[in-house]
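Peer 1: Encoded as structure tokens, here's the structure I'll be asking about.
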Amino acid sequence: MEKMRGLAERHRATIASATKRATAAEQIGKFNESKLKERTAELKALQQRVELTRQCVQLSKELAVVLPKLDESKKKLEIMNDKANRHEVKITSLRAECDRFESQFQDLKKKYSDLIAELDSLLMN
């Protein structure tokens, strides 16, 4: 009987020890789980930063291609503006010349009308 009691005591001690170890393992598991969540969040943040870095590199490459084209377009625009200004000066000059010719034409037309009227009056007399 004493053997049985000793055996029962050992079993109880083993169960108590196993229970303590299980409780300790659960606490370690909860701690590890919270650490895992933190690490997962860090991983997601790092992955996002990596993706943003990739996008930044890609955009930098595209910018390197676009900037020379933009500079070239600016130069072409400046050239076109200069041409437009020169043409505007020419157009203004031509309009002034046109107005001068129109004025001369009107003067000549009036003189012609006056001469015709004078000729008619001379022919009538």
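The values are calculated or read from the model by the stated rules, or taken from the named source; none is laboratory data. Since the model is a prediction, treat every value here as computed from it, not as a measurement. Calculation scope for accessible area: heavy atoms of the full protein, side chains included, ligands and nucleic acids excluded. Shrake-Rupley method; radii C 1.70, N 1.55, O 1.52, S 1.80 Å.
Peer 1: Out of the residues in segment 41-80 meeting the condition of being open to solvent by 100 Å² or more (accessible area, probe 1.4 Å) and polar (S, T, N, Q), tell me which one is nearest to the chain's Cα centre (by Cα).
Peer 2: Q48
Peer 1: Please give the number of the condition E2 fails out of (1) open to solvent by less than 100 Å² (accessible area, probe 1.4 Å); (2) modelled with pLDDT under 90.
Peer 2: Tallying (1) open to solvent by less than 100 Å² (accessible area, probe 1.4 Å); (2) modelled with pLDDT under 90, E2 fails exactly one: (1).
Peer 1: Here is a list: A96, A117, A18, A24. Which entry is at pLDDT 95 or above and part of a helix (DSSP H, G or I)? Before you say what the answer is, go through the steps one by one.
Peer 2: Details: A117 fails: at pLDDT 95 or above; A18 fails: at pLDDT 95 or above; A24 fails: at pLDDT 95 or above.
Residue meeting the stated conditions: A96.
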